[in-house]
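The values are calculated or read from the model by the stated rules, or taken from the named source; none is laboratory data. All values reported here derive from a predicted model rather than from experimental measurement. A quick note on method: Cβ atoms are made from the backbone with ideal geometry, for glycine too, and the neighbour counts reach across all protein chains shown.
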């Protein structure tokens, strides 16, 4: 009897549980990835705006969140044109051969709810220059139900993804072991992305 | 005498331009990132903000500027020195005549 009751109580959750597919190609152009790495004279700071991808998020079961965030490598920009040319060039990111940097999210672990936000560890695979590495990235997700209307004038939900992590250029074969005295191995990355889920 | 007074001018100008642009140790830059915090939801900044980065074309002096100033100063010093030598030599020749 108890099992029957339990099933009856849970059934609506399964029926109404909806995985929402949030699109991260922001029409407002605010989705930016900021990167920083130390160099011999001064730190190199830059940004990249070519963000796209989709994340499937279920507000009732955030652990099963999955999806892909893609960054166009040619959208990486720094203040010095020579430096940018080198960065996009064959020896470094080779943006013509490897046009995309990708993070494929498989699930969330170590979830902790704090107010509106969910702090978790995003388990997935990072691909840079065709080198794929399993990574665990700390993320903060904020689900804003019905707030898309106030942002984009269309009804729907918003999912904000924030994260700060670092990658080693050695791991992705970006001049591995070379110029370490001039350009640091660690690349600090900061993301603050808004995904949209327009309601039909 | 007046020529000699002009010798340090390139260094002074170069250093001034470099300091005005923040005395950066990095190389010349041709653009500047303007960062602006935009609320994710308009009128509700308590829900968080996103950083809007606009790249503005602008020349910013780097470490090359003071180095260039010093090089120009040395070039002027050399020219002045050679001119002085030439002048002294011509006086000597005129004296011998």
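In the set (1) more than 14 Å from every other protein chain (Cβ to nearest Cβ); (2) free of Cβ contacts under 8 Å to residues at least 60 places away in the same chain; (3) surrounded by 12 or more Cβ atoms within 10 Å (Cβ to Cβ), residue B:12 fails one condition alone, (3). A single entry from B:76, B:71, B:82 fulfils the requirement of being in a helix (DSSP H, G or I) and either buried (at least 16 other Cβ atoms within 10 Å of the Cβ) or not assigned by TED's automatic domain parsing to the domain that holds residue B:5 (or both): B:76.
Right, residue A:118: in contact with a strand residue (DSSP E or B) (Cβ under 6 Å, 6 or more places away or on another chain) and crowded, with 16+ Cβ neighbours inside 10 Å or not?
Yes; evaluated as a whole, the condition is true for this residue.
If you check residue B:76 against the conditions, is it at pLDDT 90 or above and out of contact with any strand residue (DSSP E or B) (no Cβ under 6 Å at 6 or more places or on another chain)? Here the answer is yes, as residue B:76 does meet what is asked. Of all residues in the range A:76-103, those that are over 15 Å from residue A:45 (Cα atoms) and assigned to a loop (DSSP other than H, G, I, E, B) total 11. A count restricted to the range B:31-64 and to residues that are within 16 Å of residue A:29 (Cα to Cα) and either within 7 Å of chain A (Cβ to nearest Cβ) or surrounded by 15 or more Cβ atoms within 10 Å (Cβ to Cβ) (or both) stands at 12.
Let's see how each residue does on (1) buried (at least 18 other Cβ atoms within 10 Å of the Cβ); (2) under 18 Å from residue A:21 (Cα atoms):
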{"site": "A:157", "(1), (2)": "yes, yes"}
{"site": "A:164", "(1), (2)": "no, no"}
{"site": "A:168", "(1), (2)": "no, no"}
{"site": "A:179", "(1), (2)": "no, no"}
{"site": "A:184", "(1), (2)": "yes, no"}
{"site": "A:190", "(1), (2)": "no, no"}
{"site": "A:194", "(1), (2)": "yes, yes"}
{"site": "A:199", "(1), (2)": "no, yes"}
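For the range A:104-200, the strands (runs of 3 or more DSSP E) that sit wholly inside it and include 3 or more residues that are within 12 Å of another protein chain (Cβ to nearest Cβ) and within 17 Å of the chain's Cα centre (by Cα) are A:131-144, A:156-168, A:186-198.
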